Each structure stands twice: as structure tokens, then as C-alpha cells.
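Below is one structure, written out as C-alpha cells, with a few remarks after it.
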Amino acid sequence: MTDDSAADLAARRGMETTVYQPAEDSRLLADAAGDHARGRTLEVGTGSGWVAERIAVETDTEVITSDYNPEACRQAHDRGLAAVRADLVAPFRAEAFDTVAFNPPYLPTDPDNEWDDRMERALSGGESGRAVIDPFLGSVGRVLRPGGVVLLLVSSLTGFETVVENAEKQGFDVETIRQESYPFETLSVLRLELP
Ligand SMILES: C[S@@+](CC[C@H](N)C(=O)[O-])C[C@H]1O[C@@H](n2cnc3c(N)ncnc32)[C@H](O)[C@@H]1O
């Protein structure tokens, strides 16, 4: 799986209706995590488990996955990953992880066009695009060990500057560690660390 081209990833995503399949954003997060993940690592919103599997194969971290979607947990489990059904980081104990990675649902969606299924939960970030990102930023600090880091995928569609500001409001130091531009969006990976 790890040598898929972006085109292969996008084609597979288009065929799937229940669980988000790896695409360019997944690959960018996995690339960043290969360099920055360490210690005990949680991938929130793991989807197919592809990012977490790459982290497990390419680093010496202990990887745990979670997702709100039970079918995603099943796909991650089928890859041999520990999978927990969870709303963001709610069930995990305080200071449990050295690294938390998340490729969140981020597409801004008109409330009249919400389609209310599991793929919507994977893609839609509500009207602002930040309906999942903001609660994540508000809760993830609790589960980080001292010196722990968050690796967060952000799209220009979601309001890059606003996400950075909201992360800073939660007390994080913010650094951009990956950035790639595509015809309709620029994808970035932020590294967040509590000072
Ligand atoms: C854009 S997909 C990313 C999937 C995978 N990590 C990847 O990069 O290919 C977002 C994932 O977050 C999950 N998700 C959405 N809201 C969530 C929440 N509140 N708690 C946990 N997972 C959530 C979705 O089910 C979906 O699997």
C-alpha cells in the first residue's frame, strides 16, 4: 500500500461510500508523520487505517487508531492495528500519547446540502469547515504527554490562518512542516506543541 501514486489513491477513494480511502491528504499526513511521529502515537479519524499502517511500518512508534465510524475501525483492525471507536479523543486517559495525528473532515458544506451519512462525517467540516477541527483543538491537549506533538492536516478551503489562530488560542506553538498545492486547494500539515 505504501507506494500508491496519488492518482491510485484518488481513484480508490471515489469507489468507496462508507469509509474514506487514502488520498493526497492522507499521503501528506503519512509523509509528515514518518518524520515527526515518535513514542506512543494515536491516529484520530483513521478511516481505512492506511496512514496509521504507514506510521507503524516506517517508524518505531506504537500506533493506536480511532474513528467515529465503526466500519473504519473494522478496516483498521483488519490491517492489524489497534482500533477504538471514539469521538475525537474522548475515551483516552490524560497524557496518554506522545503524538496525535489527524486528517479531519474539512470541506465547508452548505447546511442545506448536508447529506447525512458516514462519508459526510468523513468529509464535511460544517459551514466553516472547522466543525470538527475546533473541538479537536480544544480537547487534544489533554491526552498529550509533556513534550508531545499534534500533526494536523489543514486545507486552504478550511481557512488556514483561522486554524493556526485557533490552535494558538489553545496554547499551541504552531509550525508548518509540509505544504503542497493542488488546482483547488493547498494542503498543509501543522505540527502543534504545547510550550
Ligand atoms: C478525511 S477522513 C481521513 C481518513 C484517514 N485518516 C485518511 O487520512 O485517509 C476523516 C476521518 O475522520 C473520522 N471522523 C469524523 N468525525 C470524527 C470524530 N468526531 N471523531 C473521530 N473520528 C471522526 C471520519 O469517520 C473519517 O474516517
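A few remarks follow.
- Scanning segment 56-65 for residues that are surrounded by fewer than 24 Cβ atoms within 10 Å (Cβ to Cβ) and within 14 Å of the ligand (Cβ to nearest atom) yields Ala56, Ile64.
- Residue match in segment 62-79 (condition: within 20 Å of Ser155 (Cα to Cα) and in contact with a Pro (Cβ under 9 Å, 6 or more places away or on another chain)): no
- Among the residues here, Val189 qualifies as within 16 Å of the ligand (Cβ to nearest atom) and part of a strand (DSSP E or B).
- Condition met for Pro22 (touching a strand residue (DSSP E or B) at 6+ places or on another chain (Cβ under 7 Å) and within 7 Å of the ligand (Cβ to nearest atom)): no
- Selection count where residues are assigned to a helix (DSSP H, G or I) and either more than 14 Å from Tyr20 (Cα to Cα) or acidic (Asp, Glu) (or both), scope segment 47-60: 6
- When Val163, Val143, Val84, Val89 are checked against the criterion of being within 13 Å of the chain's Cα centre (by Cα) and β-branched (Val, Ile, Thr), Val89 stands alone in meeting it.
Readers should treat all values here as calculations from the given coordinates under stated rules, not as data from a laboratory. Values in this document were obtained by computation on a predicted structure and should not be read as measured data. No Cβ is skipped: glycine too gets one built from the backbone with ideal geometry, and neighbour counts run over all protein chains shown.
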